[in-house]
Amino acid sequence: MTEYKSGSNLEKVLKAGHFAFTGECGPPRGANVEAVRKKAQHLKGCVDAVNVTDNQTAVVRMSSWSACLILKEEGLDPNFQMVCRDRNRLAMQSDILGVSAHGIKNMLCLSGDHQRFGDHPEAKNVYDIDSIQLISMVKKMRDEGKFLNGEQIDVPPKLFIGAACNPFAEPLEFRVYRLAKKIEAGADFIQTQCIYNMDRFREFMKRVVDMGLHEKCYILAGITPLKSVGMARYMATQVPGMEVPEELIKRLKGAGKGKAAEEGIKIAVEQIQELREMEGVAGVHLMAIEWEHRVPEIAKLAGMLPRPKVE
Amino acid sequence: MIVAEAKPIKEILEMIDGFNKILVVGCKGCVTVCNVGGAKEVAILASAIRIAKKKKGKDVEVGEITLERQCDPEYIEELRNIVQNYEAIVSLACGVGPQFISERYPEIRVFPGVNTRFMGGAIEHGVWAERCAGCGQCVIHYFGGMCPIARCSKSLMNGPCGGSNHGKCEVSPEIDCIWDKIVRKMMAQGRLDELLKIRPPKSWLTARDGGPRKMVREELVK
Amino acid sequence: MQEFKPKIVAFYCSNCASSAASISNKLNLFLPENIKLINVPCTGRIEILHLLKAFENGADMVYVVGCQEDSCQYINGILKLKNRVAYLKNMLEQMGIEPQRLEVFSLYAGKGQDFVNVANEMLTKAKELGPIY
């Protein structure tokens, strides 16, 4: 029998050696349960796990853990995201216990966007611990059954621990080392920032493979389909550490009026197929921002369906 | 030094509305160095108050004095024979000064004339930048001599985050990404191995989070 | 009712503006009365406090005439002064004093007529605004 860290669907799929395919769901700006269920329906059967963002871009939304519970009811494997911006170590540990108590089995540890971008820029931030310290803390809770202060936990949480990586952010030469730090801290899987420059990502993965990091951790490459030329430009200029090659923008433009979205999907599908063949890449994380209904189509075109079932 | 900036004159005038005998108290410490609360700024504020009050047809008496420091009781004591001549004091020291004055002279109203911003230094004439968060446990030697607690927007001990953008912070292009600087300096010094160590969570007990702080040095206590 | 005779204080630089002033003299051009002239080596030396003190002591209008921005003998004295004037104008507004009571002008050394013109301009403005207090 296979030993699992949490036994989440994502962990099982990865351990069985399948190429994983994960999706994302941004909770609504309200207590709109139906909105979550609707997004869940689009994703169901198409992905192995669904990331649920934690006040993404520092905008208040339904809490990640509660949207995770709704997704779980809908039969999905949620990936609970937690950022360091809003909680101190007490709140973090109690939420970690809480999600595990409710059967959530994946967790992604992030620094979080600074609140100055968000809808409450006057807020006081926390940043008691950082994302790497958060990874270590979850691992300690799970593997040693101990709180950060060393005290014993009565029934430790069981979580498959994830972390993020931005291969394109500066200083570039340090990014692979920071990834190594996250893996050393205890990350079981990594989901990268969205990739548009495949050449640079290939170079990055070569370094990852050279350092043997892909053998210590599952690396899922991030993909966000471009819906329009405007979105591509926005990604290229407004999102820190994001690089969108000019030829991609040209391709979207060349598709003609009203056809950029289709071209964007085509590009994403080609990327997924290329990533599938790339050494060290264990899966793809598809962040179809407010485009959940297009996920089934992308999954199908990319040959990601049907999703494997691992018992 | 402690870096402060002048409160808008309008705000100060609103504070002291209704008072006609006002003493403006400066400080020869940090606020003199950052051009906000020394004898010169005391004279400017006093003059501005006189003009504004006169404009409103009020007859005022505005006194000016600049103390050696406002964070030492012995200098605050110098106000002893002066305060009774006034109804209100505007202190141009950092947040410490007006509190020391109002503790010493509970009968008089004390107003802050400056906003205390941060602990930092002048990086050029007229430009100051934060350098220290006063966390009470200095760790800059692990980070190439730069403080990620004060200078990283997220106080990361294991940075840089994914928002580092061409040497600038995701929060604003006006803010340097200190982790970019730390990484480059440490790599140039051949100290990558030190950066690869995971820095454990910091104890904030010695920071403000541990409650208001007080320091006693027995060998100095009389 | 007594006629309002504005009190005006003019600081002027001993280089460009001073030479403009002497030319205006030679041209037999006269400044309006009640203008108190204060010669300074460089307008860059005029501090906010000097300008404020003039108002505090009863000036209805205060102005400074200095060099062109690119011809200050001390490199950037007039620019420094202009920054201070902008700062003080903002302060005056908050204090309930019309910021137009304070102005700064850059003159060419040879323009005696301009020296008189700015004085008259300030006088006209003073009459529009009325007494400061």
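The values are calculated or read from the model by the stated rules, or taken from the named source; none is laboratory data. Source: prediction; values computed, not measured. Cβ atoms come from the backbone with ideal geometry, glycine included; neighbour counts cover every protein chain shown. To get the accessible areas, we keep the full protein, side chains included, count just its heavy atoms, and leave off ligands, DNA and RNA. Shrake-Rupley method; radii C 1.70, N 1.55, O 1.52, S 1.80 Å.
Here are the numbers:
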read-out: The stretch B:16-39, residues that are more than 18 Å from the chain's Cα centre (by Cα) and crowded, with 17+ Cβ neighbours inside 10 Å; value: B:Ile16, B:Phe19, B:Ile22, B:Leu23, B:Val24
read-out: Pair list, Cβ < 9 Å and 6+ apart or interchain, from the stretch B:203-216 residues that are farther than 17 Å from B:Val139 by Cα and at pLDDT 95 or above to residues that are surrounded by 13 or more Cβ atoms within 10 Å (Cβ to Cβ) and not acidic (Asp, Glu); value: B:Arg213/B:Gly134; B:Arg213/B:Gly136; B:Arg213/B:Thr206; B:Arg213/B:Ala207
read-out: Residue in the stretch B:54-77 that is modelled with pLDDT of 95 or more, open to solvent by 20 Å² or more (accessible area, probe 1.4 Å), in contact with a Cys (Cβ under 8 Å, 6 or more places away or on another chain) and under 30 Å from C:Tyr133 (Cβ atoms) present; value: yes
read-out: Residues located in the stretch B:146-192, provided they are in a helix (DSSP H, G or I) and facing another protein chain (nearest Cβ under 10 Å); value: B:Pro148, B:Ile149, B:Trp179, B:Asp180, B:Lys181, B:Ile182, B:Val183, B:Arg184, B:Met186, B:Met187, B:Leu192
read-out: Check on B:Arg151, basic (Lys, Arg) and open to solvent by 80 Å² or more (accessible area, probe 1.4 Å); value: no
read-out: Any hit, the stretch B:153-167, residues being touching a strand residue (DSSP E or B) at 6+ places or on another chain (Cβ under 6 Å) and of a type in the set (Lys, Arg); value: no
read-out: Residue match in the stretch B:64-77 (condition: among the β-branched types (Val, Ile, Thr) and without any contact (Cβ under 8 Å) to a residue 40 or more places away in the chain); value: yes
read-out: Selected residue [in contact (Cβ under 8 Å) with a residue 12 or more places away in the chain and within 14 Å of another protein chain (Cβ to nearest Cβ)] from A:Gly75, A:Gly98, A:Gly112, A:Gly103; value: A:Gly112
read-out: Some residue of the stretch A:295-306 being modelled with pLDDT of 95 or more, open to solvent by 20 Å² or more (accessible area, probe 1.4 Å) and within 19 Å of the chain's Cα centre (by Cα); value: yes
read-out: Residue satisfying all of: in the stretch B:193-210; within 11 Å of chain A (Cβ to nearest Cβ) and over 23 Å from A:Ala185 (Cβ atoms); least open to solvent (accessible area, probe 1.4 Å) among these; value: B:Ala207
read-out: Residue among C:Asn90, C:Asn83, C:Asn76 that is touching a Gly at 6+ places or on another chain (Cβ under 9 Å), open to solvent by 20 Å² or more (accessible area, probe 1.4 Å), of a type in the set (S, T, N, Q) and within 14 Å of another protein chain (Cβ to nearest Cβ); value: C:Asn76
read-out: Of the criteria (1) within 22 Å of B:Lys202 (Cα to Cα); (2) away from every other protein chain (no Cβ under 12 Å), which one A:Pro157 fails; value: (1)
read-out: Filter pass, A:Glu170 being more than 13 Å from the chain's Cα centre (by Cα), open to solvent by 10 Å² or more (accessible area, probe 1.4 Å), facing chain B (nearest Cβ under 9 Å) and of a type outside the set (S, T, N, Q); value: yes
read-out: Residue ID - farthest from C:Val64 (Cα to Cα), chosen from residues in the stretch C:93-119 that are away from every other protein chain (no Cβ under 14 Å) and either basic (Lys, Arg) or under 11 Å from the mean Cα position of the chain (by Cα) (or both); value: C:Lys111
read-out: Matching residues in the stretch A:191-212 - criterion: being more than 14 Å from chain B (Cβ to nearest Cβ), surrounded by 15 or more Cβ atoms within 10 Å (Cβ to Cβ) and out of contact with any helix residue (DSSP H, G or I) (no Cβ under 7 Å at 6 or more places or on another chain); value: A:Asn197, A:Arg200, A:Phe201, A:Arg202, A:Met205, A:Val209
read-out: The stretch C:93-118, subset open to solvent by 40 Å² or more (accessible area, probe 1.4 Å) and among the small types (Gly, Ala, Ser), residue farthest from C:Leu51 (Cα to Cα); value: C:Gly110
